[in-house]
Amino acid sequence: MKIRIPATSANLGPGFDSCGIALSQYLNIEVLEEADDWKIIHSLGDEIPTDESNLLLQTALKLAPKLSPKVLKMTSDIPLARGLGSSSSVIVAGIELANRLGKLNLSQKQKVQIATEIEGHPDNVAPAICGDFVVASYVDGEVHSVKHHFPLCDVIAYVPNTQLLTSESRSVLPQTLSYQEAVQASSIANVMIAAILNGNLPLAGVMMEKDRWHEAHRRKLVPHLDQIRELGHKIGAYGAFLSGAGPTVLILSPEEKTEQMVAALKEIPLSATINVLAVDQEGIQVF
Ligand code: HSE
């Protein structure tokens, strides 16, 4: 059995802690032979455990403690600590592993609830589970989420070669926002979501760049964001936003502008990887 989970990008600007899209980069888990102890074979670096202390097995065994040990193979092209949902993909894979091996028969709604309780926010885990574009709320311990088709476009990921931990990126956020600021921030998010539902990416892109919840506070950690936006405006991209807690920036681009946008991004004097991705429409896949 193989389980495939997509990378994700949370927030989309003003949809802070609520909106996310699934992307065409993947974590793959292959279930191999029975063993005396759990073992994960991977080449993702020494800091990723190969035993039960790995987040994948911690998650799976929390849900199904009696699973019999197996050898698993883990491969991933989702960069770590870059704001592309790498740890959410592992949590979701752990839930699906427990679901399949333990025959838990979990519904998609149950998976989203469990994953959100573990991760803390629904905006990465919900699209990793459902695919495409998901809008979710997590209030009073209860998740409500809606999946919708995301309009067709290229998604350019500008991934700096430096890590930014979510905890560090959250530490610069304010504790409070005035009532008036919150109402404005919410109205921007509402229009962005309505524009996506209408297939109106030009308007969605404009609203994505008007976020009042988090990007203004995180800007000092990601000075390349403004520079990328300027390039996007010149070339004709729809919009750019910080992917999750950063440092990755996603640029939504009409297909015919992508080549020019990528060439311009390469000129930014920062060590970074640039990937042209698409929105994944499937979420969890089991083969
Ligand atoms: N919404 C979260 C944030 C995503 O921006 O901090 C990372 O968990």
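The values are calculated or read from the model by the stated rules, or taken from the named source; none is laboratory data. This one's a predicted model, so the numbers in the text were calculated from it and none came from an experiment. Using ideal geometry, Cβ is built from the backbone for each residue, glycine included, and neighbour counts are taken over all protein chains shown. These accessible areas exclude ligands, DNA and RNA; they are computed on the full protein's heavy atoms, side chains included. Shrake-Rupley method; radii C 1.70, N 1.55, O 1.52, S 1.80 Å.
Odds and ends about this structure:
- Of the residues making up the stretch 1-38, those that are assigned to a loop (DSSP other than H, G, I, E, B) and more than 16 Å from the ligand (Cβ to nearest atom) number 5.
- Flag for residue 43 being of a type in the set (Ser, Thr, Tyr), at pLDDT below 95 and assigned to a loop (DSSP other than H, G, I, E, B): yes
- Taken together, the residues in the stretch 207-265 that are assigned to a helix (DSSP H, G or I) and either within 16 Å of the ligand (Cβ to nearest atom) or not small (Gly, Ala, Ser) (or both) amount to 29.
- Count - residues of the stretch 89-108 that are open to solvent by 10 Å² or more (accessible area, probe 1.4 Å), over 17 Å from the mean Cα position of the chain (by Cα) and aliphatic (A, V, I, L, M): 3
- Qualifying positions in the stretch 58-70 - in contact with a strand residue (DSSP E or B) (Cβ under 7 Å, 6 or more places away or on another chain) and either among the charged types (D, E, K, R) or open to solvent by less than 20 Å² (accessible area, probe 1.4 Å) (or both): 70
- Residues satisfying the stated conditions in the stretch 90-116, i.e. over 14 Å from residue 56 (Cβ atoms) and within 16 Å of the ligand (Cβ to nearest atom): 112, 116
- Residue check for residue 41: of a type in the set (Val, Ile, Thr), open to solvent by 10 Å² or more (accessible area, probe 1.4 Å), at negative phi and away from the ligand (no atom under 16 Å from the Cβ): yes
- Within the stretch 71-80, being of a type outside the set (Ser, Thr, Tyr) and crowded, with 18+ Cβ neighbours inside 10 Å holds for 72, 74, 78, 79.
- Residue 66 vs. criteria farther than 27 Å from residue 277 by Cα and among the basic types (Lys, Arg): yes
- Subset of the stretch 215-236 (residues that are within 22 Å of the chain's Cα centre (by Cα), open to solvent by 60 Å² or more (accessible area, probe 1.4 Å) and of a type in the set (D, E, K, R)): 219, 220, 226
- When 168, 142, 181, 119 are checked against the criterion of being among the acidic types (Asp, Glu), within 12 Å of the ligand (Cβ to nearest atom), surrounded by fewer than 24 Cβ atoms within 10 Å (Cβ to Cβ) and at pLDDT 95 or above, a single residue qualifies: 119.
- Top-ranked residue of the stretch 49-83 - restricted to ones that are within 13 Å of the ligand (Cβ to nearest atom) and touching a Ser or Thr at 6+ places or on another chain (Cβ under 6 Å), ranked as farthest from residue 129 (Cα to Cα): 82
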